[in-house]
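Visitor: If you scroll down you'll find the structure; I have some questions about it.
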């Protein structure tokens, strides 16, 4: 198994947004503007030095409770996501079997992938601070290091 050897301690959540379905994108560190544009001509979302993408289920915990998750009401999720902006990351860890990704944030907040369908957990981590960039995900139950290309 490839371990994620990305140091994210001290990076802050600088941008976070929901994509299609349950997808959640979390950008850490300094942002770079997107070079892609939407059909209406507006710029796509920026990318951080490190990106954590939750393509399947996810939940946000605080201290002793779950604040929201991928199946929560959109308004409720928006409020919690807004509260995460600026929070520092204490750790990025791989937890469980099969491997899920978990972010520990300051003030006792946690963001964890939570895949509830068959197959591999559907998350990825991109570290853009290195050349070449490093992309981690799960393939056949194992954390792998790739180039961000499509799964085979």
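Every read-out reported here was derived from the displayed coordinates using simple, explicitly stated rules and does not represent laboratory data. Quick caveat, the model's predicted, so the values are computed rather than measured. Every residue, glycine as well, gets a Cβ built from its backbone with ideal geometry; the counts of neighbours run over all protein chains shown.
Visitor: Just report the Cα centroid separation between region 14-48 and region 85-152, whole Å.
Guide: So the two Cα centres are separated by 17 Å.
Visitor: Classify the chain as rounded, prolate or oblate, taking a ≥ b ≥ c as the square roots of the eigenvalues of its Cα gyration tensor: rounded when a/c is under 1.5, otherwise prolate if a/b is larger than b/c and oblate if not. Could you put the intermediate results ahead of the total?
Guide: Working: a/c = 1.24, a/b = 1.02, b/c = 1.21.
Taking the square roots of the gyration eigenvalues as a ≥ b ≥ c, the chain is rounded.
Visitor: What relative contact order, as a whole-number percentage, does the chain give when Cα pairs under 8 Å and 6 or more residues apart are counted?
Guide: That works out to 23 percent.
Visitor: From the helices alone, meaning DSSP H stretches of at least four residues, give me the mean residue ellipticity at 222 nm for the chain, per-run term -39500 (n - 2.57), in deg cm²/dmol to the nearest 500.
Guide: Values: 1 runs with 11 residues, N = 152.
Only helices count here, giving -2000 deg cm²/dmol.
Visitor: Going by how many other Cβ atoms sit within 10 Å of their own, how do 38, 129 line up, fewest first?
Guide: On the way: 38 10, 129 15.
With the fewest neighbours first, 38, 129 line up as 38, 129.
Visitor: Treat each spin label as a single point 7 Å out from the Cα along the C-beta direction, and report the residue 140 to residue 87 distance in nm.
Guide: About 3.6 nm, to one decimal.
Visitor: In terms of the Cα gyration tensor, with a ≥ b ≥ c the square roots of its eigenvalues, is region 87-152 rounded because a/c is under 1.5, prolate because a/b exceeds b/c, or oblate?
Guide: Oblate, because a/c is 1.5 or more while a/b does not exceed b/c.
Visitor: Decide, for region 6-63, between rounded, prolate and oblate: order the square roots of the alpha carbon gyration tensor eigenvalues as a ≥ b ≥ c, take rounded if a/c falls under 1.5, and otherwise choose prolate if a/b is larger than b/c, else oblate.
Guide: Working: a/c = 2.59, a/b = 1.29, b/c = 2.01.
Oblate is the answer for region 6-63, as a/c is 1.5 or above yet b/c matches or exceeds a/b.
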